[in-house]
1. Any idea which residue in the stretch 35-62 is farthest from Leu218 (Cα to Cα), counting only those that are among the polar types (S, T, N, Q) and either touching a Phe, Trp or Tyr at 6+ places or on another chain (Cβ under 8 Å) or without any contact (Cβ under 8 Å) to a residue 24 or more places away in the chain (or both)?
2. So which residues in the stretch 86-132 are small (Gly, Ala, Ser) and within 23 Å of the chain's Cα centre (by Cα)?
3. Condition (residue is open to solvent by 50 Å² or more (accessible area, probe 1.4 Å) and among the polar types (S, T, N, Q)) applied to the stretch 140-149: is it met by at least one residue?
4. Could you please find all residues in the stretch 220-229 being under 17 Å from Asp93 (Cβ atoms), touching a Lys or Arg at 6+ places or on another chain (Cβ under 7 Å) and not in a loop (DSSP other than H, G, I, E, B)?
5. Taking the stretch 230-279, which residues are in a loop (DSSP other than H, G, I, E, B) and within 18 Å of Ser331 (Cα to Cα)?
6. Does any residue in the stretch 191-214 that is in contact (Cβ under 8 Å) with a residue 12 or more places away in the chain come within less than 8 Å, Cβ to Cβ, of a residue that is aliphatic (A, V, I, L, M) and open to solvent by 20 Å² or more (accessible area, probe 1.4 Å) six or more places away or on a different chain, and which pairs are these?
7. Residues that are in contact (Cβ under 8 Å) with a residue 24 or more places away in the chain and under 25 Å from Gly56 (Cβ atoms): which strands (runs of 3 or more DSSP E) entirely in the stretch 288-370 hold 3 or more of them?
8. Can you tell me which residue within the stretch 187-211, out of those that are part of a helix (DSSP H, G or I) and in contact with an Asp or Glu (Cβ under 7 Å, 6 or more places away or on another chain), is surrounded by the fewest Cβ atoms within 10 Å (Cβ to Cβ)?
Amino acid sequence: MTEFLNDISTNTVSDVSNAMGRLEINRSALAHNYETMSQKSGTARTAAVVKANAYGLGLENVIPTLISHGCEAFFVANLVEAISLRQHAPKADIYIFNGYTGEDIDVFKSEKIFPCLNSLHQLILWQTECQKLGVALPACLNIDTGFNRLGLCEADILTLSETNDLWNGWTLNLIMSHLACADTPTHPMNQAQRERFLNMTAMLPPAPRSLANSAGVLLGADFHFDLTRCGISLYGGAPQSTDTALESVVSLYGYILQIKEVSKGDTVGYGAAYIVQSEQKIAIVSVGYADGFLRSTGHAHPPYALAHINGHPTPIIGRISMDLLAIDITSIEDQIEPGTMVELLGKTSLIDAVASQAGTISYELLTGLGNRYKRICL
C-alpha cells in the first residue's frame, strides 16, 4: 500500500498520516523579509503585525525568528491574541488594535499590554480603570484620517485638545493611524491621510507616531514617522505589485491520490463545469477548500490557476471540492505517480498570483489555511 510513498526529497509524500498536505514555513525567508522592511523603514522602528495567529502560520513558528532579528514591538487584534503572544515574547511591546472594552484591566497591567484607544468612549473607560488602580498605564491613541474604520475623528481630537482632564491618570505612548490605499502608490488618498495625520497629531501631546503599514513603508520616508507596522510583507505577500525584494515564506503542498485518463467530452468535478476538449491526463490532489485553498481558485475555463510539479506548471481545472482538487498533467513528461507532491503555494506558485486568480488577496488566503496540514519549519 505504501510502496509509492518515498522520501520527501524525491518529491513524494513520506508520511501516510499526513493525508491532506504539507505546509512549510521558511524562517530564513521570514527573517530576510523583516530585515528588508526594517531597512526600507529607515530610522523608524519596525513592528510586526502578528494577528490571526501570525497570519495563520502560528505564533510559535514566527515570533522567535522575528525577536532574534531585532523585532521589539508587535500588534494583534484582541486581548486573547495578546495573551497568547506574551508567552512567546516576554519582553516585547504588545499593542491591541481593537482597543479596550472596560474589562480585564488587571490583565493589561500584569501582562504589560497596550490597547489602541479608538474612541472617546474607550479612552474614558481606560482612564477610569487606570484611576481606580492608581496606575497611569500606557496606551496608544488611534486616529481616523479617512479610512472610516476604527479611530477617533477630527471632532474627537479637537475635544481632546481642549479638555486637559481627559489626559489625567493614563500615559500616551503612541499615536497611530492606518492608510487605506497605500497599495496604490499614486492614489491621492495617501497624501491626504498623511496631511490629516500631521494636522491631527499637532493638536495632541507629543508621542511617537505610526502611520505606515507594509505598503505604507514603500511610499517613502515621509510616511515612516517613528514606527512602521509590517504585516503581509513579512509573510511573503507583495504590499505593492512593484515590490520584488521579498521572499516566499509559505510553501503549500498537496499530494497526488490518483491519476486518470480522460477523453474528449468527459467532464471533471462538480457541476460538470469543466468539459474535456481532447484526451488529457489529470491528477486528483489531496487539498480542498476545507483546507483554506479557496473554491474560487478552480475554474471551468482559462485562464486557470497554476499549481506546479518540479517547476512545471499544471493548470487547476474544474471546481475545487471540500478535500480535493484536479490538475491537468498532460504536458508533463516527468514520471508522476500517486504520492507525487504538488506545489500549490511557494516559489513558483506565488501567493499573490494564486490569490488574484481566486479573486481575493494574499491576506485572506494565508489566514484561511486550515489545521489539517502538517506544518514544517525550515
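The values are calculated or read from the model by the stated rules, or taken from the named source; none is laboratory data. Because the structure is a prediction, the values reported are computed rather than measured. We place every Cβ from the backbone using ideal geometry, glycine too, and count neighbours over all the protein chains shown. Ligands, DNA and RNA are excluded from the accessible area calculation, which covers all protein heavy atoms including side chains. Shrake-Rupley method; radii C 1.70, N 1.55, O 1.52, S 1.80 Å.
1. Residues of the stretch 35-62 among the polar types (S, T, N, Q): 36, 38-39, 41, 43, 46, 53, 61.
Filter again for either touching a Phe, Trp or Tyr at 6+ places or on another chain (Cβ under 8 Å) or without any contact (Cβ under 8 Å) to a residue 24 or more places away in the chain (or both), leaving 39, 46.
On the way: Gln39: 11, Thr46: 13 Å.
Among those residues, the one meeting the criterion is Thr46.
2. At the first step, the residues of the stretch 86-132 found to be small (Gly, Ala, Ser) are 89, 92, 99, 102, 110, 119.
Ala89, Ala92, Gly99 - these are the residues of the stretch 86-132 that are small (Gly, Ala, Ser) and within 23 Å of the chain's Cα centre (by Cα).
3. Restricting attention to the stretch 140-149, the residues satisfying the condition of being open to solvent by 50 Å² or more (accessible area, probe 1.4 Å) are 147-149.
With among the polar types (S, T, N, Q) added as a condition, the list becomes 148.
Yes: the stretch 140-149 contains one or more residues that are open to solvent by 50 Å² or more (accessible area, probe 1.4 Å) and among the polar types (S, T, N, Q).
4. Our first condition is that a residue be under 17 Å from Asp93 (Cβ atoms); within the stretch 220-229, this holds for 225-229.
So of that shortlist, the ones also touching a Lys or Arg at 6+ places or on another chain (Cβ under 7 Å) come out as 225-227.
Result: Leu227, single match.
5. Quick first cut of the stretch 230-279, residues in a loop (DSSP other than H, G, I, E, B) only: 231, 236-249, 263-266, 269, 273, 276-279.
Ser263, Lys264, Val276, Gln277, Ser278, Glu279 - these are the residues of the stretch 230-279 that are in a loop (DSSP other than H, G, I, E, B) and within 18 Å of Ser331 (Cα to Cα).
6. Gln193/Ala180; Met203/Leu158; Leu204/Leu172; Pro205/Leu172; Ala207/Leu172; Ala212/Leu219
7. Details: elements: 306-309, 312-317, 325-328, 341-345.
Ranges flagged: 306-309, 325-328, 341-345.
8. Step one: filter the stretch 187-211 for residues part of a helix (DSSP H, G or I), giving 188-201.
Then drop every residue that is not in contact with an Asp or Glu (Cβ under 7 Å, 6 or more places away or on another chain), which leaves 194, 200.
On the way: Arg194: 20, Met200: 24.
Among them, the one singled out is Arg194.
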